[in-house]
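Contents: one structure, followed by commentary.
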Amino acid sequence: MLTETAPTYQNPIWDFDFPDPTIIRAADGYYYAYGTQTKRPGNLIINLQVARSLDLVRWEYVGEGLPQKPLWLIPRKSSGHPM
């Protein structure tokens, strides 16, 4: 009797800081994840990072979802929660 083994993956599946993640499934078949402000290598500040995946295991960094902070957010240091 042959048994199939389930595919495996190793955590973490994303090697960068990705605070407060939210994942949605879009009509194009991708899962999109966004995370709040983080610092990337080279001291690059990302306000709203976006990644996508077809299988929730292999993720591709899409880019910055909020390249410039809106005016109502400028006085604040973080683009995180408003309260």
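What the table below lists for this structure:
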item: Charge-dipole axis of the chain as Lys and Arg at +1 and Asp and Glu at -1 on Cβ define it, positive-most pick from I24, L54, G42; result: G42
item: Which labelled figure in [x] 104, 18, 12; [y] 65, 30, 23; [z] 34, 26, 25 is Cα extents along the principal axes in Å, once derived from the coordinates; result: [y]
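We did not get these values from a lab; they are worked out from the coordinates using the rules stated. Model, not experiment: these values are computed from the prediction. Reconstructed Cβ throughout: ideal geometry from the backbone, glycine too, with neighbour counts over all protein chains shown.
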